[in-house]
Amino acid sequence: MTKKPETAPPPTVIEEIKPQVDGGRFAVKRVIGEDVVVTAACYAHGHERVACAVRYRGPGDKDWRESVMEPLGNDLWGAAFNVGRQGRWEYTVGSWIDHLGTWRDGFVRRVDPDDIRLAARIGAGLVGRASALCGKADCERLEPWAKILREDDDIERLRATAMDEELFELARANAPRDGLSQSEPLAITVDRERARFSTWYELFPRSCGPVGKHGTFADVDERLDEIAALGFDVLYLPPIHPIGRERRKGKNNATTSQPGDVGSPWAIGSREGGHTAILQDLGTATDFKHLIMATRARGMEIALDIAFQCAPDHPWVAQHPEWFAKRPDGSIQYAENPPKKYQDIYPLDFDTPAWRSLWQALRDVFLHWVREGVAIFRVDNPHTKPFPFWEWVIAEVKRDHPDVLFLAEAFTRPHVMHRLAKLGFTQSYTYFTWRTTKAELVEYFTELSADDSREYFRPNCWPNTPDILPYHLQNAGLATFRIRLVLAATLAASYGMYGPAFELGDNRPREPQSEEYLDSEKYQLRHWDRERPDSLAPLVARLNAFRRDHPAMQTDWSLVFHPTDNDSLLAYSKRQGDDRVLVVVNLDPHNVQSGFVNVAMEKLGLDVGVAYGVDDMLSGTRHTWYGSRNFVSLDPARAAAHVFAIA
């Protein structure tokens, strides 16, 4: 049986507050300068009107600021506020009985003179309550208004006085908030802009040296101008730590290495050190700091791979054997993902009774590299570690370093991917890598851009990675690579590529039904002929410049798909204010495809009866289109897509 309340409960109801994630369990995400648009259902019993407001405050603020909510119809209310700095914000919705609004709604419907005079007296009392709470200047304006309502008998003057909009709003702003209900505070994580818009380039520093020689940080430094010219703003490096010698893998993941084999960077640790040490062949800590500064000088920054696993000769194996799982024979269990076996890697045992010391050591790895100047981390396989660990460690790092960003490399089940994003990962890898058909792309990117999950899940789309040569790129021509590049760069505000391998169309799988590369750079040095005339580098540079120059490309939420009469043609647009972009891609890498695009004119703010120009970034040509239905023909051998700026 429900207990009778001890005190009178508030008569107003607050429901359906948006945005929020899992009833407020997790924070929604924004970047500096964005608006947070809040809606809620607020109502009371009977005919009483309610008033509502959003209260909000930023990191370190004691006082709340307020934005009055406006009615949206059907008991829904909305307001917005701007988040102007990094860190953790919070907001709450308040609702109360609007006695003045209820009074005036009834007043305007009254016709009997005595009834009007009585209602005016009631209104005077409400205005008097407001004037008792306001400052001197407001009070001096409200008291004469209340006096007229209380003492005047002239019906027309009473009507005119009651309908004075300026004085009415002044009184309502100062009125007591009877029956106030307030929601529990909801959290917002506000990051810097690169959390929403970023362009990633992955390379192996050890492959940047002369042919046959191990590359160094200095060799990467020599490539920075070239990478910056391609338009990338994040240079992502695989692990830079000492590589284990015990059970080191050979070329193409051979279980036995040969003299000179360099091993996998993800087999972390040797007698030279572990997760806070640097592989001597790459350079020193001073060399790495110089690379960080040189990268920043070009408008880019380093993202460092964090892989919480150890080679058999990692110092932790001897110092902290309690952090590793044992097999029945007492030996340490190496990593497996059947049928794959990683004999050169020991996973950490997060179920260890010594989990507290393990967590602290891993937190200290992040903090070490933050002190060295790294502010972006790509985290390897976070879905194989406990969720509570990630929630704790990300909060620990961001508490004092709110500019740090985390990318989750979690090609795993949807619920697991989304949980990691809720726990604090700034961006997430996606299933784009395997979505190829028009239906798949429309369904998936509609989810990413329009589903409620967009409040916390920021996609970062990669057409390839060192671990994944997807089946549609295997033995494929450069036309397929061009198509996937255009899709990644224009569908998503953040995308990345595994650098030279993608630019040069590396398409050879190690074996059929495998997504592993032949001669994988994970296990050996590679020399890339970046001067090849068929390199995709010029196309990459044009696309990235277009992304940088057009605000519409720098957000995911405005994505709209437009119908075509050919399933091989995918058309979509983005819009940010007056900046409007329309993309049409031929998904067939082998054949010319033609058809009509039916532009949703209202989504782009276009007048059906007016011609408009479309400037193709790829070809440098301008076309004039009329109305919603326009013809395109795309030859994948020449240009697989139109990337239009709408004039």
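Accessible area of segment 393-496 with a 1.4 Å probe: how many percent of it is carbon plus sulfur?
Of all accessible area on segment 393-496, carbon and sulfur atoms account for 50 percent.
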Query - Anisotropy class of segment 398-495 from Cα gyration tensor, a/c 1.5 cut - result: prolate
Query raised in the report: Nearest 20 debye, what's the magnitude of the dipole of segment 230-352 about its Cα centre given +1 on Lys and Arg Cβ and -1 on Asp and Glu Cβ?
Result: 280
Query raised in the report: Quick one: ranking W625, W557 by accessible area, 1.4 Å probe, largest first, what do you get?
Result: W557, W625
Query raised in the report: What share of the DSSP beta bridges in the chain is antiparallel, in percent to the nearest 5?
Result: 70
Query raised in the report: Leaving out ligands, DNA and RNA but keeping every protein chain, what accessible area does D112 have, in Å² rounded to the nearest 10, with a 1.4 Å probe?
Result: 80
Query - Identified option (computed Rg and Dmax of the Cα atoms in Å; candidates (1) 32.9, 115; (2) 30.7, 106; (3) 29.8, 97) - result: (2)
Query - Solvent exposure of segment 442-490 as accessible area per residue, Å², 1.4 Å probe - result: 28
Query - Compactness relative to 2.2 N^0.38 Å, alpha carbon Rg of segment 499-555 - result: 1.48
**Report entry** Heavy-atom accessible area ranking, 1.4 Å probe, most first, across L525, L362
**Finding:** L525, L362
Query raised in the report: What dipole magnitude, in Debye to the nearest 20, does the chain give about its Cα centre under +1 on Lys/Arg Cβ and -1 on Asp/Glu Cβ?
Result: 1000
Query raised in the report: Once the Cα atoms of segment 56-128 are picked out, what are the Rg and Dmax in Å?
Result: 18.7, 59
Query raised in the report: Of the beta bridges DSSP finds with both residues in segment 196-330, what % are antiparallel, to the nearest 5?
Result: 20
**Report entry** segment 134-169-segment 595-647 distance, computed between alpha-carbon centres (Å)
**Finding:** 58
Query - In order through segment 515-523: 3J(HN,Hα) via Karplus (6.51 cos²θ - 1.76 cosθ + 1.60), integer Hz, x for Gly, Pro - result: 9, 7, 6, 6, 6, 4, 5, 5, 10
Report summary line: Under a 1.4 Å probe, counting only protein heavy atoms, E272 has an accessible area in Å², nearest 10, of 70
Report summary line: Using a 1.4 Å probe on heavy atoms of the protein chains only, the accessible area for M293 in Å², nearest 10, reads 120
Query raised in the report: Using Cα atoms only, what is the angle between the long axis of helix 165-174 and the major principal axis of the chain, expressed in degrees (0 to 90) to the nearest 10?
Result: 70
Report summary line: Per-residue accessible area, 1.4 Å probe, largest first, puts E409, E531, E391 in the order E531, E391, E409
Query raised in the report: Suppose every K and R has +1 on its Cβ and every D and E has -1 on its Cβ; what is the size of the dipole of segment 216-278 about the Cα centre, in Debye to the nearest 20?
Result: 600
Query raised in the report: Taking the Cα centre of each part, how many Å lie between segment 487-535 and segment 300-361?
Result: 29
Query raised in the report: Which percent of the accessible heavy-atom area of segment 148-195 goes to carbon and sulfur, probe 1.4 angstrom?
Result: 46
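In Å², and per residue, what accessible area does segment 501-647 have when probed at 1.4 Å with the other protein chains present?
44
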Query - Heavy-atom accessible surface of segment 589-647: percent carbon and sulfur, 1.4 Å - result: 51
Query raised in the report: Mind checking the angle between helix 478-491 and the chain's longest principal axis? C-alpha axes, 0 to 90 degrees, to the nearest 10.
Result: 30
Query - Dipole axis of the chain (+1 Lys, Arg; -1 Asp, Glu on Cβ), positive-most option in F308, L469, A267 - result: A267
Query raised in the report: Put +1 on the Cβ of each Lys and Arg and -1 on the Cβ of each Asp and Glu in segment 56-128; which of Y56, P71, I97 then has its Cα farthest toward the positive end of the dipole?
Result: Y56
Query - Furthest towards positive pole of dipole, L634, Q319, P11, structure part the chain, Cβ charges - result: Q319
Requested in this report: Only helical DSSP H runs with n ≥ 4 go in: add -39500 (n - 2.57) per run for the chain, normalise by residue count and round the 222 nm mean residue ellipticity to 500 deg cm²/dmol.
Outcome: -8500 deg cm²/dmol
Report summary line: Row for segment 321-479, column shape: gyration tensor on C-alpha, a ≥ b ≥ c, rounded if a/c < 1.5 i.e. under 1.5, prolate if a/b over b/c, else oblate; value oblate
Query raised in the report: Once both axes come from the Cα atoms, what is the angle between helix 136-151 and the longest principal axis of the chain, in degrees from 0 to 90, rounded to 10?
Result: 40
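The values are calculated or read from the model by the stated rules, or taken from the named source; none is laboratory data. Since the structure is predicted, the reported quantities are computational estimates derived from the model, not experimental observations. Please note: Cβ atoms are built from the backbone with ideal geometry, for glycine as well, and neighbour counts cover all protein chains shown. Please note that ligands, DNA and RNA were not included when accessible areas were found on the heavy atoms of the full protein model with its side chains. Shrake-Rupley method; radii C 1.70, N 1.55, O 1.52, S 1.80 Å.
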